[in-house]
Amino acid sequence: MQIYLDYSATTPTRPEAIAAMQTVLTQQWGNPSSLHEWGQRAATVLEQARMQVAGLINAPAESIIFTSGGTEADNLAIMGVARLYSKPQHLIISSVEHSAISEPARLLEQWGWEVTRLPVDSQGRVNPLDLKAALQDNTILVSVIYGQSEVGTVQPIAELAQITHSAGVLFHTDAVQVAGRLPIDVGSLSVDLLSISSHKIYGPQGAGALYVRPGLELVPLLGGGGQEKRLRSGTQAVPVIAGFGIAAELAAQEMPIKTPRLMQLRDRLFSQLIDIPGLIPTGDLVHRLPHHVSFCLEHADGEKVSGRTLVRELNRAGIGVSAGAACNSGKLSPSPILLAMGYSEKAAFASVRMTLGRDTTVEDVDWVAMVFKQVLQRLSPVELVVIS
């Protein structure tokens, strides 16, 4: 059997998106900045996709800026605001951000900026009171991830944004893992900036978007022809953006049915693994992404049983999962997210993430639970026994 449970890393491109891409590549391949008929056909595709993506987050179409993916959208949000200032200011992020946020923040620190990293509780949630206490007179931006990709925790974004705005500060959230899985309304959330990615919602890789609240000024990362309201120069990748648009439109239509199904499968997998000695669920089990299951091995010897070992062994059994954060799964180092949540280095070495998708079945979940138990017993029968 081949069972893919790494949908937080990437999703397979849905047939409707592929068909839209093929149409653009063969019939609507013009440069959307050109004024002739070929260019205007491409421009029409581009603006249709903009409306489709905007619809997924209930935003005005003109607020959508297309990028190459979630990472570029995050960087444009952080650096686009920071470069408005000639002198270093103060930035607030959470301690469980994706590297697309934490790395630009680290770069700003090297340039003299002050960066506050909000602590989280053992479930990975930010306390709104900590945000309120961290705000300073020179705070210019707060960025808190909406749904944490490694442990599945969903943050109270509307409340955090309200606190931020009460101090006259801008608010950004990385919603890459949430879009297409939970309803998003940028107006209700009251966010100024929000990042999403195509390949997390069954669109093609290579496209993303940044929602920019109308009237908000940013400094672009790239100089050039001034496409995307001068915020993202470069000829737009019309085929992949077309696929992104179709995927966004269908995700919005299917969410009322797909999300409850994912929650049922998620809870079924949790229930079958929860009784394994030493296997500890990570993240908030209530405020959680609907497709996300994650654990760490509290008593495992990281040198013998690491997240990478579990990924390798499950892959041999035809099951695709991830060790901690997908972007860090190739590194033999403890998960910084779990460390920030208070886990020991030993536990943070041995973390695994299983994320479900539109093709996941009940039979898949049951099979994975059985195989996972067998793998754990074979790898480390002694270390997994809890000593009372």
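The values are calculated or read from the model by the stated rules, or taken from the named source; none is laboratory data. Every value quoted in this text rests on a predicted model; they were computed, and no experiment measured them. Positions of Cβ are generated from backbone atoms using ideal geometry, with glycine treated the same way; all protein chains shown enter the neighbour counts. Protein only, heavy atoms only, side chains kept; ligands, DNA and RNA dropped before computing areas. Shrake-Rupley method; radii C 1.70, N 1.55, O 1.52, S 1.80 Å.
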- Query: Nearest 10 degrees, 0 to 90: what angle lies between the long axis of helix 70-82 and the longest principal axis of the chain (Cα atoms)?
  - Reply: 60
- Query: Rounded to two decimals, what is Rg over Rh for the range 186-329 when you use alpha-carbon atoms and the Kirkwood radius?
  - Reply: 1.06
- Item | Surrounding net charge for Leu108, when Lys and Arg each add one and Asp and Glu each subtract one, Cβ distance under 11 Å | -1
- Take the range 80-193, compute every pairwise Cα distance, and split them into 10 Å bins from 0; I just need the percent in each bin. 14, 49, 33, 4
- Dimensionless Rg ratio for the range 29-142, taking C-alpha atoms and the 2.2 N^0.38 Å reference: 1.40
- Query: In nm, to one decimal, how far is the Leu84 label point from the Met263 one, both placed 7 Å along Cα→Cβ?
  - Reply: 3.6
- How much net charge surrounds Gly208 when only the other residues with a Cβ under 15 Å from the Cβ of Gly208 are counted, with Lys and Arg +1 and Asp and Glu -1? -1
- Query: Does anyone have the angle between helix 307-316 and the longest principal axis of the chain? Alpha-carbon axes, 0 to 90°, nearest 10?
  - Reply: 90
- What is the sum of charges around Phe244, taking Lys and Arg as +1, Asp and Glu as -1, for the other residues whose C-beta is under 15 Å from the C-beta of Phe244? -1
- Query: Based solely on its DSSP helices, what 222 nm [θ] is calculated for the chain when runs of n ≥ 4 H residues each add -39,500 (n - 2.57) and the sum is averaged over all residues, nearest 500 deg cm²/dmol?
  - Reply: -12500 deg cm²/dmol
- Note on the structure: Expressed in square angstrom to the nearest 10, the accessible area of Thr116 with a 1.4 Å probe stands at 30
- In the chain, lysine pairs with alpha-carbon atoms under 30 angstrom apart (chain gap of 8 or more, or interchain): 13
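For the range 1-59, what D do you get in µm² per second when you plug the Kirkwood radius from alpha-carbon pairs into Stokes-Einstein at 4 °C and 1.567 mPa s?
Numbers: Rh = 13.6 Å.
In µm²/s, the coefficient rounds to 95.
For the chain, what is the relative contact order in percent, using Cα pairs closer than 8 Å and at least 6 residues apart in sequence?
Details: 814 pairs, mean separation 87.0, N = 388.
Value for the chain: 22 percent.
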